[in-house]
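Read through the structure below, which is laid out as C-alpha cells, and then see the notes.
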Amino acid sequence: MNNNKRLSIMAISFAAVLSLAACSDDKAEEAGETVDDMISSTKDAAKNTGDKIQKAVTDTGNAIEDACEDAKEKMDTEDTDC
C-alpha cells in the first residue's frame, strides 16, 4: 500500500475515533489512548517514508556517480573520479 494512502486511512480513522469519543464520555480515556496510538503510528509511517526517500536519493546519486566513472574509464581519462 502506498504511503500516501496509508496516511490518508490513518487520518480518516483518527477523525472517526474523535467523532466516537465525542458521543461517549465513558470511553473518552480509551478513545484518547487509541488516538495516541494512531498518532504514533502516523509518525512511524512518516519516518519510514522519509527513510525510504533518503535511501532512494542516495542510491540514485551512487548510480549517477558510477555511470560517470564508467564513462570516464571508457574514454581513457586520467582521472576517473566524478
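Determine whether ALA46 is under 30 Å from SER13 (Cβ atoms) and in contact with a Leu (Cβ under 9 Å, 6 or more places away or on another chain).
Yes; evaluated as a whole, the condition is true for this residue.
Among (1) closer than 28 Å to ASN2 by Cβ; (2) more than 24 Å from the chain's Cα centre (by Cα); (3) among the β-branched types (Val, Ile, Thr), there is one condition THR77 misses while meeting the rest; what is its number?
All conditions pass for THR77, except number (1).
Quick one: which residue in GLY50, GLY32 is part of a helix (DSSP H, G or I), among the small types (Gly, Ala, Ser), under 15 Å from ARG6 (Cβ atoms) and under 26 Å from the mean Cα position of the chain (by Cα)? Break it down into steps so the answer makes sense when it comes.
Details: GLY32 fails: under 15 Å from ARG6 (Cβ atoms).
Answer to the selection: GLY50.
Evaluate the following for VAL17: is it at pLDDT below 75 and β-branched (Val, Ile, Thr)?
yes
Confirm whether ASP76 is at positive phi, modelled with pLDDT under 90 and surrounded by fewer than 10 Cβ atoms within 10 Å (Cβ to Cβ).
It is true that ASP76 is at positive phi, modelled with pLDDT under 90 and surrounded by fewer than 10 Cβ atoms within 10 Å (Cβ to Cβ).
The values are calculated or read from the model by the stated rules, or taken from the named source; none is laboratory data. Treat the numbers as computed from the prediction; the structure is a model and nothing was measured. Neighbour counts run over all protein chains shown; Cβ positions are idealised from the backbone, glycine included.
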